[in-house]
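Visitor: Here's a structure for you.
The values are calculated or read from the model by the stated rules, or taken from the named source; none is laboratory data. None of the values given here were measured: they were computed from a predicted structure. Counting neighbours? That spans all protein chains shown, and the Cβs are built from the backbone with ideal geometry, glycine included.
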Amino acid sequence: MNGTILKNGKPVGLKDIPVLPIGEFEDRVKAEALDGLRVVAFFGAAGGRDAVNLYCVLADDENSRLAAFATLFAGDRTYRSFTPDFPAFHLFEREAYEEYGLLPEGHPALKPVRNIFPAGSDGEVYPFDRVEGEEVHEVGVGPIHAGVIEPGRFRFSCLGETVHRLDIHLGYQRRGAERLFLRPGAPPEALLLLAETVAGDECLGHGLAFAQAWEGLGGADCPLRALAVRGLALELERAAMHIGDLAALSGDIAYLPGQAGLGATRTIVINTLLEICGSRFGRGLLAVGGVNYGLDGDIAARVRANVDAAEDAADRLCGLLFSSASVLSRFESTGTVSPQTARALGMVGPAARASGLSLDVRADHPAGPYASFPVHRLTLKTGDVFARAYIRRLEITQSFNFIRGLLDGLPAAGDLVAPPRPLRPEAFVVSLVESWRGETVHAALTDASGRLARYKIVDASFHNWSGLEQAVRGNGISDFPLCNKSFNLSYCGFDL
Amino acid sequence: MNAVIDIAALLVMPFLLGGIMNRVKAVAAGRRGPPLFQPFHDFLKLLRKGEVVSRTTTLVFKLAPCLSLAAVVAAALFVPLSRGRAFLEFDGDFILFAYFLGLGKFLGLAAALDTGSSFEGMGASRDASFGVLVEPALFLLLGTLAFVTGRGSFADLFRLADGHGTLSLIVLPLAGLALFLLILVEGGRGPVDDPATHLELTMIHEATALDNSGPDLAFIQLARGLKTALYASLIANLVLPFCPGSVLPVVVWLAAPVLVAACAGVIESVLARTRLTHVPQLIFVMTALALIALGSAVFLAGAGAGGAP
């Protein structure tokens with residue numbers, strides 16, 4: 001490890017991250033990536049007076065640590081692209097080019113990331129990948145889709161019914177979320193609410209990532225009971241979303257028992273969050289330094305009862321779903337992502353685990369509730385829709401077991417929130433949370449006066465949309481919705 | 001009297017059958033479901049609505065729904081109904097029946113292509129491919145019936161009871177099953193198609209009507225319902241010759257489509273939709289059933305058990 005060593009949620013001084021000359025930065029990042037380290041964040045930050053800092057955070061998952069590198073671009077804003085050797089960098093480099101004009105030389109497809117209407121254009125000019133040939137036909141879908149979902153544009157190049165290539169163009173929900181964290185004078189409570197809306201279906205994942213980053217910078221210790229409630233809430237969110245995803249997968253293949261039954265089961269789980277904090281998505285449950293609701297009175301018992309009921313129902317319905325021949329014939333060998341592709345693209349979360357990558361922030365970089373309650377890494381090998389569905393089934397059970405474990409050892413009632421402390425000036429923190437969708441990264445930099453100077457968010461979707469593009473190649477275009485649902489990625493979590 | 005029943009049934013069945021399928025699915029999902037005649041209310045609602053017509057379309061798009069419905073109504077004239085008799089009969093009329101339905105389908109596909117939408121084009125291409133595969137199966141089946149009964153008109157094909165003993169026992173269930181598969185394929189029901197989906201990329205039948213609205217959409221839905229009712233009437237006619245008396249056949253003829261719709265609803269409730277590339281295999285099952293029927297007919301005729309000339 002040549003960079004500065006970081007731990008999940010533990011800050012280091014900005015001065016401890018050496019600013020390397022560009023050539024050395026390139027060599028070191030490349031050497032670490034060759035060593036098997038995984039890119040977690042790669043972003044520009046204003047370095048004063050027309051200068052731009054480029055930060056790169058790589059994860060050493062086996063040793064539970066992170067490596068951070070920095071370089072400074074003063075005049076010339078070019079560097080050698082990492083993408084040709086390490087495709088996982090491709091979106092990060094496009095993003096840094098779009099936001100800070102850092103030009104990665106040799107990048108194979110330096111296209112806009114979130115810019116819908118680039119400056120100087122009078123319309124949408126996104127350069128979709130094109131496939132030439134007499135029998136090739138293109139199918140455009142979106143940005144407005146059937147059903148109440150988010151906007152995004154898909155362009156399929158097909159040979160008959162077979163998808164040869166898919167290009168996805170997002171950015172329609174860009175609202176400048178990262179910048180909103182830097183509003184002067186915004187209290188941390190307001191920023192926590194903001195973090196909860198980065199991706200509404202990962203409310204607790206992003207909320208927790210923010211809280212962890214802020215508490216790291218302030219050096220606050222979250223009370224034990226609050227940590228337990230956090231873990232419980234995050235696992236409830238995971239179970240609810242996974243169950244909902246299995247219901248939606250059933251819906252896509254018109255499998256009525258799964259769609260109706262699992263949809264109803266999800267309601268049991270989100271209604272448990274409702275009982276705890278008054279919001280089915282867990283809004284307002286978290287506080288900076290702890291939690292607002294402490295499972296007081298008989299709520300803990302009701303949570304246990306609901307979890308038991310939901311697990312029973314999910315077990316029964318999953319048994320039906322995964323033993324039905326008509327379902328398996330749709331799931332198996334559809335939308336396969338090989339382990340090599342998944343690793344090259346830097347995929348994370350259940351989608352990566354379904355392709356055999358043993359990646360789980362809860363186990364690799366444990367923090368908060370997971371520091372004292374280990375989580376076993378689960379992986380499947382086939383990387384198809386079946387694996388992405390079945391890994392969810394396994395994780396639902398895992399989450400329910402984890403919740404029962406937390407309830408068994410729930411620390412006695414006491415303080416739920418640690419008193420706030422000022423942020424450490426000139427510090428850098430990387431906060432990782434395994435939300436249901438995968439690795440959620442919040443990285444923060446503070447300035448000399450202890451205010452946030454740069455806030456960087458990487459949702460699991462940022463990595464995994466590329467995985468979807470690969471998964472559908474060679475599949476029937478009619479199987480695209482099924483592949484898409486098996487990933488269930490966030491548009492607004494990507495667009496920020 | 002029978003003609004009145006026939007006409008009334010042809011007016012009611014297209015709506016009722018869809019309503020029954022939806023009700024069965026709703027109950028299977030633990031819901032109460034919409035009223036049985038909801039498709040009829042939807043039909044009336046659509047008739048009162050205005051239309052949105054894409055600028056890329058031509059006269060083809062505007063005329064097709066109407067003409068397509070007319071083609072199916074024309075086809076209905078040759079289908080044996082409650083008395084086992086059709087409104088019009090002549091030797092070889094079942095060929096005209098099949099091609100009236102083919103004409104209706106062609107018009108629908110032409111209108112779909114006329115919109116210039118990639119979704120409609122894909123839906124039309126799928127519908128046409130599967131239609132091409134269905135046609136030989138249908139004619140093989142009707143040919144078998146003609147061989148067994150030795151008759152030429154559509155209604156007479158179904159007079160299986162007239163002294164064909166053993167043979168009819170073999171041919172009847174095979175023909176019934178093949179016709180049932182035909183309803184699933186041509187009616188756009190599960191596991192072939194998913195009438196409830198909103199995902200354009202997976203659609204077959206629904207995709208070809210994506211750009212239609214108002215009365216045109218009402219006509220398309222009515223034509224589809226009527227087609228299902230006609231095929232259901234064919235299934236009923238397989239058993240009619242075995243029903244004695246004057247009331248029983250009418251009751252059976254009215255009850256059989258209801259039963260068929262309920263079965264289709266149950267199948268849609270318990271099976272996931274087939275992968276699109278596997279649909280031809282399902283259609284080949286239909287062809288195989290017709291082939292087995294023909295094979296046994298030829299064999300038994302050779303053995304002297306059949307009554308074929």
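Visitor: Looking at (1) within 21 Å of residue B:82 (Cβ to Cβ); (2) within 14 Å of chain A (Cβ to nearest Cβ), which is the only condition residue B:229 fails?
Guide: Against the list (1) within 21 Å of residue B:82 (Cβ to Cβ); (2) within 14 Å of chain A (Cβ to nearest Cβ), residue B:229 comes up short only on (2).
Visitor: Take region A:136-147 and flag every residue that is on the phi < 0 side of the Ramachandran plot and within 10 Å of chain B (Cβ to nearest Cβ). Write out each step before concluding.
Guide: Taking region A:136-147 and keeping what is on the phi < 0 side of the Ramachandran plot, we get A:136-141, A:143-146.
Of everything in region A:136-147, those that are on the phi < 0 side of the Ramachandran plot and within 10 Å of chain B (Cβ to nearest Cβ) turn out to be A:137, A:138, A:139, A:140, A:141, A:145, A:146.
Visitor: Just checking, how many residues over region B:210-223 are part of a helix (DSSP H, G or I) and either within 14 Å of chain A (Cβ to nearest Cβ) or without any contact (Cβ under 8 Å) to a residue 60 or more places away in the chain (or both)?
Guide: 0
Visitor: Hey, any hits in region A:196-205 for a residue that's closer than 17 Å to residue A:440 by Cβ, assigned to a helix (DSSP H, G or I) and aliphatic (A, V, I, L, M)? First the steps, then the outcome.
Guide: Our first condition is that a residue be closer than 17 Å to residue A:440 by Cβ; within region A:196-205, this holds for A:196-205.
Going one step further and asking which of them are assigned to a helix (DSSP H, G or I), we end up with A:196, A:200-205.
Still in the list and also aliphatic (A, V, I, L, M): A:204.
Checking region A:196-205: at least one residue is closer than 17 Å to residue A:440 by Cβ, assigned to a helix (DSSP H, G or I) and aliphatic (A, V, I, L, M).
Visitor: Checking the condition within 30 Å of residue B:26 (Cβ to Cβ) and not small (Gly, Ala, Ser), which residue from A:257, A:223 passes?
Guide: A:257
Visitor: So which residues in region A:318-333 are within 12 Å of chain B (Cβ to nearest Cβ) and surrounded by 22 or more Cβ atoms within 10 Å (Cβ to Cβ)?
Guide: A:321, A:327, A:330, A:331
Visitor: I'd like to check something: does region A:408-415 contain any residue that is over 30 Å from residue B:274 (Cβ atoms), in contact with a Leu (Cβ under 9 Å, 6 or more places away or on another chain) and buried (at least 19 other Cβ atoms within 10 Å of the Cβ)?
Guide: No: zero hits.
Visitor: Just to be sure before I move on: is residue A:163 within 14 Å of chain B (Cβ to nearest Cβ), touching a Ser or Thr at 6+ places or on another chain (Cβ under 6 Å), buried (at least 18 other Cβ atoms within 10 Å of the Cβ) and more than 23 Å from residue A:117 (Cβ to Cβ) in the structure I sent?
Guide: Numbers: within 14 Å of chain B (Cβ to nearest Cβ): yes; touching a Ser or Thr at 6+ places or on another chain (Cβ under 6 Å): no; buried (at least 18 other Cβ atoms within 10 Å of the Cβ): yes; more than 23 Å from residue A:117 (Cβ to Cβ): yes.
Answer is no for this residue.
Visitor: While we're on this one: So, in region B:276-298, of the ones that are of a type outside the set (S, T, N, Q) and within 11 Å of chain A (Cβ to nearest Cβ), which residue ends up surrounded by the fewest Cβ atoms within 10 Å (Cβ to Cβ)? First the steps, then the outcome.
Guide: If we filter region B:276-298 for residues that are of a type outside the set (S, T, N, Q), which is where we start, we get B:276, B:278-280, B:282-286, B:288-295, B:297-298.
Then drop every residue that is not within 11 Å of chain A (Cβ to nearest Cβ), which leaves B:276, B:278-279.
Working: B:276: 20, B:278: 13, B:279: 21.
Once the filter is applied, the top-ranked residue is B:278.
Visitor: Just one of (1) part of a strand (DSSP E or B); (2) within 20 Å of residue A:37 (Cβ to Cβ) trips up residue A:72, so point out which.
Guide: Evaluating residue A:72 over (1) part of a strand (DSSP E or B); (2) within 20 Å of residue A:37 (Cβ to Cβ) leaves (2) as the failure.
Visitor: Follow-up question, since we're still on this one. For residue A:350, indicate whether it is assigned to a helix (DSSP H, G or I), within 22 Å of the chain's Cα centre (by Cα) and away from chain B (no Cβ under 14 Å).
Guide: Numbers: assigned to a helix (DSSP H, G or I): yes; within 22 Å of the chain's Cα centre (by Cα): yes; away from chain B (no Cβ under 14 Å): yes.
Criteria met by residue A:350.
Residue-by-condition table, conditions (1) over 26 Å from residue A:404 (Cβ atoms); (2) in the same structural domain as residue A:92 (by TED's automatic domain parsing); (3) assigned to a loop (DSSP other than H, G, I, E, B):
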residue: A:265; (1), (2), (3): no, no, no
residue: A:269; (1), (2), (3): no, no, no
residue: A:280; (1), (2), (3): no, no, yes
residue: A:303; (1), (2), (3): no, no, no
residue: A:307; (1), (2), (3): no, no, no
residue: A:311; (1), (2), (3): no, no, no
residue: A:316; (1), (2), (3): no, no, no
residue: A:340; (1), (2), (3): yes, no, no
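Visitor: Now for a separate question. Being more than 14 Å from chain B (Cβ to nearest Cβ), over 21 Å from residue A:142 (Cα atoms) and in contact with a His (Cβ under 6 Å, 6 or more places away or on another chain) narrows it down to one of A:457, A:403, so name that one. So that I can check it myself, show each step before the final result.
Guide: Values: A:403 fails: in contact with a His (Cβ under 6 Å, 6 or more places away or on another chain).
Checking each option against the conditions leaves just A:457.
Visitor: Return the residues of region B:13-29 that are of a type outside the set (Gly, Ala, Ser) and more than 18 Å from residue B:75 (Cβ to Cβ); say none if nothing qualifies. Lay out the reasoning, then the answer.
Guide: So in region B:13-29, the residues of a type outside the set (Gly, Ala, Ser) come out as B:13-17, B:20-25, B:27.
Those that are of a type outside the set (Gly, Ala, Ser) and more than 18 Å from residue B:75 (Cβ to Cβ): B:15, B:16, B:20, B:21, B:22, B:23, B:24, B:25, B:27.
Visitor: Moving to a separate point now. Which condition number does residue A:113 fail, the rest of (1) assigned by TED's automatic domain parsing to the domain that holds residue A:35; (2) under 21 Å from the mean Cα position of the chain (by Cα); (3) crowded, with 20+ Cβ neighbours inside 10 Å; (4) not in a strand (DSSP E or B) being met?
Guide: Condition (1) is where residue A:113 drops out.
Visitor: Okay, moving on. Looking only at helices (runs of 4 or more DSSP H) that lie completely in region B:1-101, which have at least 2 residues being within 14 Å of another protein chain (Cβ to nearest Cβ)? Steps first, please.
Guide: Values: elements: B:2-28, B:38-48, B:59-76.
It comes to B:2-28.
Visitor: Which condition does residue A:482 not pass, out of (1) buried (at least 20 other Cβ atoms within 10 Å of the Cβ); (2) part of a loop (DSSP other than H, G, I, E, B); (3) not charged (D, E, K, R), if it passes all the others?
Guide: The one condition residue A:482 does not meet is (2).
Visitor: Continuing with this model, one more query. For residues in region A:232-244 being in contact with a Lys or Arg (Cβ under 6 Å, 6 or more places away or on another chain) and in contact (Cβ under 8 Å) with a residue 24 or more places away in the chain, which is nearest to the other protein chains (Cβ to nearest Cβ)?
Guide: At the first step, the residues of region A:232-244 found to be in contact with a Lys or Arg (Cβ under 6 Å, 6 or more places away or on another chain) are A:240, A:242-244.
Filter once more, so that each one left must be in contact (Cβ under 8 Å) with a residue 24 or more places away in the chain: A:240, A:242-243.
Working: A:240: 20, A:242: 19, A:243: 16 Å.
The selected residue is A:243.
Visitor: Sort out which residues of region A:250-280 are of a type in the set (S, T, N, Q) and either more than 8 Å from every other protein chain (Cβ to nearest Cβ) or in contact with a Ser or Thr (Cβ under 7 Å, 6 or more places away or on another chain) (or both), and write them in order of number. It would help to see each step written out before you state the result.
Guide: Initial filter on region A:250-280 (of a type in the set (S, T, N, Q)): A:250, A:259, A:265, A:267, A:271-272, A:279.
Hits for region A:250-280 are A:259, A:265, A:267, A:271, A:272, A:279.
Visitor: For region B:102-119, how many residues meet the condition of being within 14 Å of chain A (Cβ to nearest Cβ) and either within 16 Å of residue B:226 (Cα to Cα) or touching a strand residue (DSSP E or B) at 6+ places or on another chain (Cβ under 6 Å) (or both)?
Guide: 1
Visitor: Across region B:187-209, what is the total count of residues that are of a type in the set (Ser, Thr, Tyr), over 17 Å from residue B:21 (Cα atoms) and within 9 Å of chain A (Cβ to nearest Cβ)?
Guide: Final tally of qualifying residues: 1.
Visitor: May I ask you to list pairs of residues, at least six apart or on different chains, whose Cβ atoms are under 9 Å apart, with the first in region B:123-140 being more than 14 Å from chain A (Cβ to nearest Cβ) and within 11 Å of residue B:102 (Cβ to Cβ) and the second being of a type in the set (Lys, Arg) and part of a helix (DSSP H, G or I)?
Guide: Once the first residue is more than 14 Å from chain A (Cβ to nearest Cβ) and within 11 Å of residue B:102 (Cβ to Cβ) and sits in region B:123-140, its partners that are of a type in the set (Lys, Arg) and part of a helix (DSSP H, G or I) give B:131/B:105.
Visitor: Do you know which residues across region A:253-295 are of a type in the set (Phe, Trp, Tyr), under 28 Å from residue A:9 (Cα atoms) and surrounded by 23 or more Cβ atoms within 10 Å (Cβ to Cβ)?
Guide: Our first condition is that a residue be of a type in the set (Phe, Trp, Tyr); within region A:253-295, this holds for A:255, A:281, A:293.
Keeping just the survivors that are under 28 Å from residue A:9 (Cα atoms) gives A:281, A:293.
If the condition is that a residue be of a type in the set (Phe, Trp, Tyr), under 28 Å from residue A:9 (Cα atoms) and surrounded by 23 or more Cβ atoms within 10 Å (Cβ to Cβ), then no residue fits.
Visitor: Take the residues of region A:32-55 that are not small (Gly, Ala, Ser) and not in a strand (DSSP E or B): which is surrounded by the fewest Cβ atoms within 10 Å (Cβ to Cβ)? Write out each step before concluding.
Guide: Filtering region A:32-55 for residues not small (Gly, Ala, Ser) gives A:32, A:34-35, A:37-40, A:42-43, A:49-50, A:52-55.
Now restrict to residues that are not in a strand (DSSP E or B): A:32, A:34-35, A:37, A:49-50.
Numbers: A:32: 21, A:34: 10, A:35: 12, A:37: 22, A:49: 6, A:50: 10.
Here the answer is A:49.
Visitor: If the requirement is being over 18 Å from the mean Cα position of the chain (by Cα), surrounded by 17 or more Cβ atoms within 10 Å (Cβ to Cβ) and assigned to a helix (DSSP H, G or I), which of these qualifies: A:462, A:402? Talk me through it step by step, then tell me what you get.
Guide: Details: A:462 fails: over 18 Å from the mean Cα position of the chain (by Cα).
When all the criteria are applied, what remains is A:402.
Visitor: When region B:241-275 is examined, which residues are found to be within 12 Å of chain A (Cβ to nearest Cβ), part of a helix (DSSP H, G or I) and over 21 Å from residue B:138 (Cβ atoms)?
Guide: Narrowing region B:241-275 to residues within 12 Å of chain A (Cβ to nearest Cβ): B:265-275.
Checking which are part of a helix (DSSP H, G or I) leaves us with B:265-270.
Across region B:241-275, the qualifying residues are B:265, B:266, B:268, B:269, B:270.
Visitor: When you look at residue A:139, is it at pLDDT 85 or above, surrounded by 11 or more Cβ atoms within 10 Å (Cβ to Cβ) and not charged (D, E, K, R), yes or no? Spell out how you get there, then give the answer.
Guide: On the way: at pLDDT 85 or above: yes; surrounded by 11 or more Cβ atoms within 10 Å (Cβ to Cβ): yes; not charged (D, E, K, R): yes.
So residue A:139 passes the test.
Visitor: Could you identify the single residue in B:183, B:235 that is away from chain A (no Cβ under 14 Å), closer than 29 Å to residue A:160 by Cα and at pLDDT 90 or above? Break it down stepwise before answering.
Guide: Values: B:235 fails: closer than 29 Å to residue A:160 by Cα.
The match here is B:183.
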